[in-house]
């Protein structure tokens, strides 16, 4: 009798429960706890691996896509890029790390004021204190979770490289600056959208050069310093290339290797290095023509559905990002569709037909991994920012180039506001 | 693909020799149904395939009045190849059940398994009972005894504080 009930529970009832209810049920008795912790059930209910793609907004914020190994797997997931549980509408993804997302309100291109850290699987969210206007309208955010007990959000404005840093154990935004070596800007540019890794690292691929600039927001040693790394040689200089960087599975923090891919009209290469930027080894190389012969469905998209069109459209084959846990899979955009490419099988698996990702670049792609158990957002200490009610305390002014004294004063100010 | 029994092999072929399966309700009433009809529930079908169905399948969650209504629906549905989705005589859906959780505090938690219209693989959260449902339909009610020690419950609540807020 118990067998029937257990199976009924695990197959039919528990998967239908929302996350909070499921966790509460597991506290109700040992039996329910055991059911909820069963590896097969927990994997199906909580586990996710894939990438979010947040297409560029023009007038209004666009809904993100979640891409995973196949469209079948995607259909089986309990959520598909659904941010509607967040209190604001019009929120878009800025970064992803450790099973959590950093989201912000897209304000028609004006600086964002409200940022959130959330877990799209458990639907838990935390609002960060309001952000004052940034020094530039170009910016990106990096979220990192340290030891499961605290998290940090770094907002980098560029090309001016000012930072505003939020830490969950101070509950404040503080200003910093990236220290650049002298003459840096004469040789390198930060004026391109960087690819963001889960390790809290940003990578600016230098146009027309086989180099990338790397900035790790968690490196305490050099006070947020910047590195230059070498990339594998471009196949044909001057020919339009679509280049992409990614961190390998388990790549938490710089120094654990990197993955790189580029594609132009004729060839598609994948490279890997075990130490960031050194000793790139070519993992795969395939000609686009051969790939299209092996994958006729993809070929129709490359010719834009016109069999009479001669060669492929220029620059149309765009590697978007690497699958975060399955290093055989790379996500590729073609006109009108997005695919999962398997390096081992040389197959292009159609994931979705859409035109929304046509202008997407690797900078719009956020690898996302959620384990087989619920990930909790580290609590924000001393927080007047409750989950349910966002009290308007006015923005905390954070001027650029402030000294330590001023930072102390702000902290005292915030504390007295709390009491 | 059949939207109502959620299988690809919904096969209402008449003239097939029907194998009968016995379903036993919580008040020990036996209902003989055709294997086809009973197989509309994935769980029951698994049991049949695993050979566990001899002697009848006990359904301690379901009273005889509820089971009777469910079987009426399943029988009607198993016999037809094109289910009439708009049929108002379909009172209760087939395999779909929805668990309704009472607030979890220390002590017993009430879990109601309510038969609801099978609305696809994931039942929408706000799924309401079918309008056609008999107002007097029984609900199977469970009382769950909390066999955790208080400190164990506390541990779970702490580890997942987000789920116990509000």
If we count other beta carbons within 10 Å of each Cβ, what is the order of A:32, A:368, A:138, fewest first? A:138, A:32, A:368
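Give the order of A:103, A:118 when sorted by the count of other beta carbons within 10 angstrom, beginning with the fewest. Display every interim value, and only then the final one.
Details: A:103 27, A:118 21.
Arranged by neighbour count, lowest to highest, A:103, A:118 become A:118, A:103.
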Ascending count of other beta-carbon atoms within 10 Å, so fewest first, for A:59, A:356: A:59, A:356
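Mind giving me the FRET efficiency for residue A:186 and residue A:282? R0 is 30 Å, r the Cβ-Cβ distance, nearest 0.05 is fine. Can you show the working numbers first?
Numbers: r = 32 Å, r/R0 = 1.06.
The calculated FRET efficiency here is 0.40.
Rounded, prolate or oblate: pick one for region A:82-160, where a ≥ b ≥ c are the square roots of the eigenvalues of its C-alpha gyration tensor, a/c under 1.5 means rounded, and failing that, prolate if a/b is larger than b/c, else oblate. Intermediate results must be reported in sequence, preceding the final value.
Numbers: a/c = 2.12, a/b = 1.29, b/c = 1.64.
Note, shape of region A:82-160 comes out oblate.
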Which distance in nm do the two modelled labels at residue A:108 and residue B:22 give, with both placed 7 Å along the Cα-to-Cβ direction? 7.3
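Throughout, read-outs are computed from the coordinates displayed, never taken from laboratory work. All figures in this text were calculated on a predicted structure; none of them were measured in a lab. We place every Cβ from the backbone using ideal geometry, glycine too, and count neighbours over all the protein chains shown.
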